[in-house]
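One structure below.
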Amino acid sequence: MGDAGDVTSGGGSYDAAPMPDPSSGPDLSQLRIERRDDGERAPRRRGGTAKWIVGAVVLAALVWLGWSRFGGGGLGGKTEVELGRVQKIGGAAALTGTAANGYVVARRAAALSTDIQGRIVELRVEEGDRVKAGDIIARLDTEQLEAGLERTKGDLASAQATAEWARIDFERKDKLLPQGDISRAEVDQARVARDEAEAHVRALEAAKAESEVMIQKSSVYAPFDGVITAKNAEVGEVVSSIASGVNSRGSVATLVDFDTLEVQVELAQTSLGAAKEGAPVQIFLDAFPEKGYPGRVRQVWPTADRQKATVEVRAEFLQRDERILPEMGVRVVFLGENQETQPPAAMVPERALIGGEPAVFVFDGQRVARRAIQLGERSSGGRREVVQGLAGGELVVLDPPASLSDGDPVKEKEGK
């Protein structure tokens, strides 16, 4: 047996550090790891490895608890499901009968322009502005016209003075004729001069009136109450009644009388029997299909379109609101006698029913909630009417698995 500091193990040996004296302070130099003569490190103690194992187990437990607590779905993760949306069906979809698509148009609209060509110096409207009949929409440059008017006024004043002198001269000479103090020829000449002067005055008065009309026409006025739906020119551009050239505009703005908005539809000739003048209709805007506007057929066009095999029909609104705009797409349902519009309803996919029962799983973005519903009588395209429990727009689980429970975390299947 060797010395106390010499330890033999596994065919090799290393020098163990001597035990420190408890009465003395810590000797840090004794903490270094001794190496054997061949340069290999001594084996580690097993206590440090055990600590690492315990720490890893605790960390894994914490991760598992957090995953299952905040939507991880336990060790299995979130359940993948297929989702569908509850539709709000009403209006045209809830009616039966002849229907046709069309557009909102105005019975009275105008492209505002001028009778003369000129450059815009003032534009007083923007899109959406409401104007009254007689309001000025735009003004053209009138400097040249006003200068011509002033010149005509000056010529007119001179011509009026000349005509007045000619009239006086004729009257004076005409009085001298009976006395023989003047010849007939001189009197006739004075009469002609008077008539020519008066005619010249009338011509200049007409020229003055024409200049004033041209100046008045240089302003664009609203012919009726309405809304500006388009601004077709800007200040500095040239406008005329007939556009010519790249810098010339045919109109300044478009004015629409919203009180004359109606619906234009192309109805198939085979369905024309449903579109009698005065017949009731329901009008549904494509942008807001849940609401129907009552209306009636105003006019059936007196001719058909041979190529389309359709006839144009105009239907007027009996009620309007601010959502109705020109050129909106609409669907018109021609109502039969005593037919009423059914109220909108939520329609749930039949695949969402849990085991055929009146209940569904509603998805809130993370988890599902079981919700009992009351079904109605209507069904369409694999959907059932819901009269209570769903409002429309909710996401529901399709073909819910039997293992799915209230409050389970789920996620939508990829590609769905």
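When the Debye formula is applied to the Cα atoms of the stretch 171-221, each taken as the same point scatterer, what base-10 log of I(q)/I(0) results at q = 0.14, 0.28, 0.30, 0.32 Å⁻¹?
-0.54, -0.95, -1.01, -1.06
Could you report the accessible area of Arg331 in Å², rounded to 10, computed with a 1.4 Å probe on the protein chains as they sit in the structure?
90
Tally Lys/Arg at +1 and Asp/Glu at -1 over every other residue whose Cβ is under 13 Å from the Cβ of Leu156; what's the total?
-3
Quick check: convex hull of the Cα atoms in the stretch 193-323, volume per residue, rounded to a whole Å³? Display every interim value, and only then the final one.
Working: hull volume 33.7 nm³, N = 131.
Spread over its residues, the Cα hull of the stretch 193-323 gives 257 Å³ apiece.
Can you give me the solvent accessible area of Thr98 with a 1.4 Å probe, rounded to the nearest 10 Å²?
40
Excluding Lys175 itself, what net charge comes from residues whose Cβ is under 12 Å from its Cβ, given Lys and Arg +1 and Asp and Glu -1? Please list the in-between numbers first.
Details: positive: Arg172, Lys173; negative: Asp169, Glu171, Asp174, Asp181.
With Lys, Arg at +1 and Asp, Glu at -1, the net is -2.
In nanometres, what is the gap between the two model label sites at Arg370 and Asp115, each 7 Å from Cα along Cα-to-Cβ?
8.2
Counting Lys and Arg as +1 and Asp and Glu as -1, each charge on the Cβ, what is the dipole of the stretch 143-223 about the Cα centre in debye, to the nearest 20? Please report the intermediate quantities before stating the final value.
Working: 12 positive and 17 negative charges, 31 e Å.
Roughly 140 debye, rounded to the nearest 20.
Hey, if we sort Tyr221, Tyr293, Tyr103 by accessible area with the 1.4 Å probe, largest down, what's the order? Can you show the working numbers first?
Details: Tyr221 90, Tyr293 5, Tyr103 130 Å².
Output order, biggest surface exposure first: Tyr103, Tyr221, Tyr293.
For Pro349, what is the net charge nearby, where nearby means another residue's Cβ is under 9 Å from its Cβ and Lys, Arg count +1, Asp, Glu -1? Please report the intermediate quantities before stating the final value.
Working: positive: Arg85, Arg351, Arg383, Arg384; negative: Glu350.
Spelling it out: positives minus negatives among the neighbours equals +3.
Based solely on C-alpha atoms, express the radius of gyration and the Dmax of the stretch 99-168 in angstrom.
Cα only, the stretch 99-168: 22.7, 83 Å (Rg, Dmax).
With N residues in the stretch 253-361, what two-decimal value do you get for its Cα radius of gyration over 2.2 N^0.38 Å?
Taking the Cα Rg and dividing by 2.2 N^0.38 Å, one obtains 1.39.
Pull out the extension gain between Glu290 and Ala359, defined as 0.36 nm times the separation in residues minus the alpha carbon to alpha carbon distance; nm, one decimal. The partial results should precede the final answer.
On the way: separation 69, 0.36 × 69 = 24.84 nm, distance 2.51 nm.
Gain in length upon complete extension: 22.3 nm.
The values are calculated or read from the model by the stated rules, or taken from the named source; none is laboratory data. Note that this is a predicted model, so its numbers are computed, not measured. Every residue, glycine among them, receives a Cβ derived from its backbone with ideal geometry; neighbour counts consider all protein chains shown. We work out accessible area using only protein heavy atoms, side chains counted, and drop any ligands, DNA or RNA first. Shrake-Rupley method; radii C 1.70, N 1.55, O 1.52, S 1.80 Å.
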